[in-house]
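Okay, structure first, notes after.
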Amino acid sequence: MSLGAILDEREGSTPGEKGPSADDLFARFEAWVADEQGLALYPAQEEALLGLALGSNVILATPTGTGKSLVAQGAHFFAVAEGRRTVYTAPIKALVSEKFFDLVAAFGAERVGMVTGDTSINPEAPILCCTAEILAN
């Protein structure tokens, strides 16, 4: 099941019904990591993701290869589940494009947009991938 499908389940709830708790959202994301990615969270990832699920500001400084990108994906998931918008930035268009396709695979095309100097796809999407230059302007 994709993260988009998990979000679709949430959006299909009864109007006026309170959305899932932070604990439930964290549990759903952790299950997705285990079931779909075949991974277990590192302690630093778990701590960061719990903070993000609870709405805290988080800085994660860990070595290369320790799963910072997975934590960023969790940040997008928690924000979109709460009806907020997120932005992924990178210094060059090639990296923005690569992450755009990764996020589309996880969240679905309707939830992810991309804006670079020469491309604009779904710019009002809740998850926006763009160069830092675009974001600054």
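The table that follows gives values for the structure above.
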quantity: Distant-in-sequence amide H partners of T86 (H built 1.01 Å from N, under 5 Å); calculated: I127, L128
quantity: Length added when fully stretched, M1-F101, from 0.36 nm per residue minus Cα-Cα; calculated: 34.3 nm
quantity: Calculated [θ] (222 nm, deg cm²/dmol) that DSSP helices of n ≥ 4 give over the chain, each run adding -39,500 (n - 2.57); calculated: -15500 deg cm²/dmol
quantity: Selection from A22, A72, V115, by position along the positive dipole direction of the chain (Cβ); calculated: V115
quantity: For the chain, share of DSSP beta bridges that run antiparallel, in % to the nearest 5; calculated: 20
quantity: From the coordinates shown, Cα extents along the principal axes in Å corresponds to which of [x] 48, 34, 27; [y] 54, 39, 22; [z] 40, 39, 26; calculated: [z]
quantity: Cβ charges +1 (Lys, Arg) and -1 (Asp, Glu), total dipole of segment 1-84, debye; calculated: 280
quantity: Local electrostatic count at G51 - Lys and Arg +1, Asp and Glu -1, tallied over other residues with Cβ under 15 Å; calculated: -4
quantity: Segments 49-56, 73-80, 90-97 sorted - mean Cβ within 10 Å per residue, highest first; calculated: 73-80, 49-56, 90-97
quantity: Fully extended contour minus Cα-Cα distance, from A61 to R84, at 0.36 nm per residue; calculated: 5.9 nm
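Values quoted throughout were computed directly from the atomic coordinates according to the rules given, and no laboratory measurement underlies them. Because the structure is predicted, anything quoted here is derived from the model rather than measured. We place every Cβ from the backbone using ideal geometry, glycine too, and count neighbours over all the protein chains shown.
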